[in-house]
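The values are calculated or read from the model by the stated rules, or taken from the named source; none is laboratory data. None of the values given here were measured: they were computed from a predicted structure. A quick note on method: Cβ atoms are made from the backbone with ideal geometry, for glycine too, and the neighbour counts reach across all protein chains shown.
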Amino acid sequence: MTTPEPNRWTDRHSDAVSARKETYEQLRRASTWRLLAATKAPAVLAILQATFPSGDRRLPRSELIARVGAHLELLHDDHDDEAPEDLDPAGEARSGRTAAEYVDGWVREGYLTRRDDPQRTETTFEPSPATIDAIQFIASLEDHRPTTTESRLQLVVQQFERLAQETETDRDVRLADLQRRRERIEAEIRDLAEGELMLPSPEVSVDRLRDILQIAAELSGDFLQYREDLRAVDLRLREQILSPDGSRGEILEQLLAGDDLLGQSTVGRTFTAFFRMLNDPAQTRTTQELVDRLLERDFSRTLDRDEREKLANVFSDLYEPAQEVLDVKTELYRSLARFVRSQDFRQHRVMLEVLQEAQGLALAQKDEIPTRAPFPLELDLSRVLMGSVAQHRLKDPTDPGAPAEAEVHDATALSVEVLADLVRTNDIDIVGLTGDVNEVRGRSGQASIGDVLRQKPAEQGLASVIGLMFLATGHAQAREGSTEIVGWRELDGNDYAAKVPAFYFLEDIPVE
């Protein structure tokens with residue numbers, strides 16, 4: 001009796017299935033899978049999609065909570081199958097979580113991404129890449145549009161053909177390809193000259209246009225993933241800097257030499273090439289002209305309003321998120337360079353070594369010392385006065401505090417001699433001020449210093465005010481005991497005011 005040989009095909013495929021199952025088990029813990037599998041996924045996806053419509057990619061916390069709160073009843077519909085986080089310690093369903101609690105929970109689950117922008121006074125939130133992927137997946141199920149269209153197959157074939165032509169190393173083969181392309185173009189020119197105009201059907205044209213818009217929409221959704229991937233590369237570089245292996249010295253040398261390791265990574269190179277093409281003026285101008293021509297075609301009129309808006313703004317909608325990715329990349333590069341040049345990584349390395357040593361000592365004693373053994377150390381704990389957090393008044397970093405009391409200077413004490421000396425030493429434009437006074441006075445018959453400053457801003461700041469007072473002492477009539485408040489904007493952009501004697505110019509000032 002012979003033993004049957006093992007079925008190698010079965011064993012090989014069994015191993016492949018097991019490996020794929022392990023991969024899927026890991027993906028199951030990802031935010032996209034967990035969101036789609038959540039009990040309240042329909043309500044959560046609907047609310048997030050309505051909360052972040054087209055154009056609102058980032059919202060401050062207060063506005064986000066307000067928008068979620070407007071649809072809170074959708075999250076409280078299903079009380080018979082509450083999620084674990086909706087249960088109190090006794091296992092009873094709570095009456096309902098607040099919008100703020102849902103937002104915080106979605107951040108922990110990875111559905112929302114929190115950003116602390118120093119240019120904003122409030123923390124902002126945006127949908128995570130996982131949420132974008134989940135919404136796009138659900139939208140694809142809702143549209144029921146097949147992806148195996150003729151236009152998509154043509155796009156694949158055209159890209160294969162272009163790549164094969166551009167990478168061909170045989171000169172004769174490349175010349176033959178170019179000649180065939182020239183013959184096709186010449187044939188099209190002859191047919192067009194003879195009056196034959198071959199056009200695809202409107203249905204085929206619309207399918208192609210919608211496929212292109214779908215690809216553009218997927219490009220827009222990839223920007224969030226770009227930012228997360230760049231942060232992951234930055235974290236991996238920092239870990240390598242702190243690691244004890246041999247690659248640490250090479251990375252430090254490259255960073256100290258000014259190498260952009262973020263830009264040299266795979267995600268960095270991909271985004272840089274994309275951003276360079278997006279900001280090419282000639283390419284942008286040509287593409288916009290093509291889009292404008294497509295909008296004038298008869299078949300494009302069958303698109304709905306949203307699709308026409310997406311077509312009209314297909315490239316302009318990419319600029320802002322692409323610029324945000326570039327800003328993140330630049331900030332990460334600068335932060336990484338500061339981390340190395342300031343020698344901060346040495347302190348982190350020492351702390352990491354101390355933590356690893358403490359962890360090693362703890363692991364060495366885990367089998368010798370029971371977990372319930374008393375610890376031979378006494379600590380004298382002081383009494384702490386407990387109080388509510390609400391009793392503390394938080395400091396607003398944007399609040400400049402109470403303004404300092406303004407220092408008042410009385411300009412009525414300035415004499416003619418002092419004014420003349422100031423004019424000489426500060427190179428005040430007396431000729432220009434004379435023209436300003438004559439122009440303002442000519443309109444109304446008379447003008448005070450304040451009238452001139454209101455119609456002719458002080459180009460030299462305080463120097464212009466001093467110049468006007470000097471002209472008034474020699475060519476204007478003073479009103480005894482009267483003063484006026486004059487205002488001007490200083491060269492630093494701040495507004496100032498002063499109290500000066502009341503003078504009125506009644507005649508033109510001779511131009512010297």
Those residues of region 42-68 which are surrounded by 13 or more Cβ atoms within 10 Å (Cβ to Cβ), of a type outside the set (Lys, Arg) and touching a residue at least 60 places away in the same chain (Cβ under 8 Å), in sequence order: Val44, Leu45, Leu48, Gln49, Phe52, Leu59, Pro60, Leu64
Flag if Glu183 is over 27 Å from Glu296 (Cβ atoms) and among the charged types (D, E, K, R): yes
Options Ser464, Ser482; residue that is hydroxyl-bearing (Ser, Thr, Tyr), in contact with a strand residue (DSSP E or B) (Cβ under 9 Å, 6 or more places away or on another chain) and either touching a residue at least 60 places away in the same chain (Cβ under 8 Å) or more than 19 Å from Ile430 (Cβ to Cβ) (or both): Ser482
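Can you find a residue that is outside the structural domain of Pro129 (by TED's automatic domain parsing) and touching a Ser or Thr at 6+ places or on another chain (Cβ under 6 Å) anywhere in region 210-232?
Yes, the conditions are met somewhere in region 210-232.
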Filter result (surrounded by fewer than 13 Cβ atoms within 10 Å (Cβ to Cβ) and assigned to a helix (DSSP H, G or I)) within region 29-41: Ala37
Flag for Leu290 being assigned by TED's automatic domain parsing to the domain that holds Glu228, hydrophobic (A, V, I, L, M, F, W, C), free of Cβ contacts under 8 Å to residues at least 12 places away in the same chain and under 25 Å from Pro200 (Cα atoms): yes
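Looking only at region 486-512, count every residue that is of a type outside the set (Gly, Ala, Ser), part of a loop (DSSP other than H, G, I, E, B) and surrounded by fewer than 10 Cβ atoms within 10 Å (Cβ to Cβ) and tell me the total.
First, pick out the residues of region 486-512 that are of a type outside the set (Gly, Ala, Ser): 486, 488-492, 494-496, 499-501, 503-512.
Checking which are part of a loop (DSSP other than H, G, I, E, B) leaves us with 490-492, 494, 506-512.
Applying the additional criterion that residues be surrounded by fewer than 10 Cβ atoms within 10 Å (Cβ to Cβ) yields 492, 494, 510-512.
Qualifying residue count for the region: 5.
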Number of the exception - Gly221 against (1) at pLDDT 80 or above; (2) within 39 Å of the chain's Cα centre (by Cα): (1)
